[in-house]
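Report on the following structure.
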Amino acid sequence: MSWINGRSLSSYADTTKNLNISYEYNVDGIRTSKVVNGVETKYYLENSNIIYEQRGNNLIYYLYDLTGLIGLKYNDDTYYHIEFIKLFY
């Protein structure tokens, strides 16, 4: 493992799993890209929120409301996060 400023992971390698990962961050310390074994994922931000990410031709758009992240759209499919609350009496 190697670090940027002692707190942001810059790269990680695991020879037993043939895994090589590197990360890039913006000036605010938010990850803007990662490369895993040569495959790059780019993160596009609005302030501190990831608006969408791109890996090759695949896009994931993140959906927000006033409370935060509520779902995502992966290519043409939309998925919503539903929180179940279990009440005990």
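Values quoted throughout were computed directly from the atomic coordinates according to the rules given, and no laboratory measurement underlies them. Note that the coordinates shown come from a computational prediction; the quantities given were computed from them, not determined experimentally. Note that we place each Cβ from the backbone using ideal geometry, even for glycine, and neighbour counts take in every protein chain shown.
In region 52-79, whose amide N lies under 11 Å from the spot 7 Å out along Cα-to-Cβ of I4? List them in ranges. Nothing falls inside the zone, counting backbone N under 11 Å. Residues of region 49-63 with the amide nitrogen closer than 14 Å to a label point 7 Å from the Cα of Y12, along Cα-to-Cβ, please. So the set is empty, nothing qualifies. Here the residues E24, E83, ranked from fewest to most Cβ neighbours within 10 Å of their Cβ, fall in the order E83, E24.
Among T16, T78, the order by Cβ neighbours within 10 angstrom, fewest to most, reads T16, T78.
Evaluating 6.51 cos²θ - 1.76 cosθ + 1.60 at θ = phi - 60° for every residue in region 35-47, the Karplus couplings come out as 10, 10, 6, x, 9, 8, 10, 9, 10, 10, 10, 10, 6 Hz, glycine and proline recorded as x. Stretching the chain fully between T67 and K42 yields a gain of 6.5 nm (0.36 nm per residue, less the alpha carbon separation). Between amide H atoms placed 1.01 Å from N, distances below 5 Å from S10 occur with S2, W3, I4, all of them 5 or more places distant or on a separate chain. Taking the alpha carbon gyration tensor of the chain, multiplying each eigenvalue by 5 and rooting it gives semi-axes of 28, 17, 16 Å, largest first.
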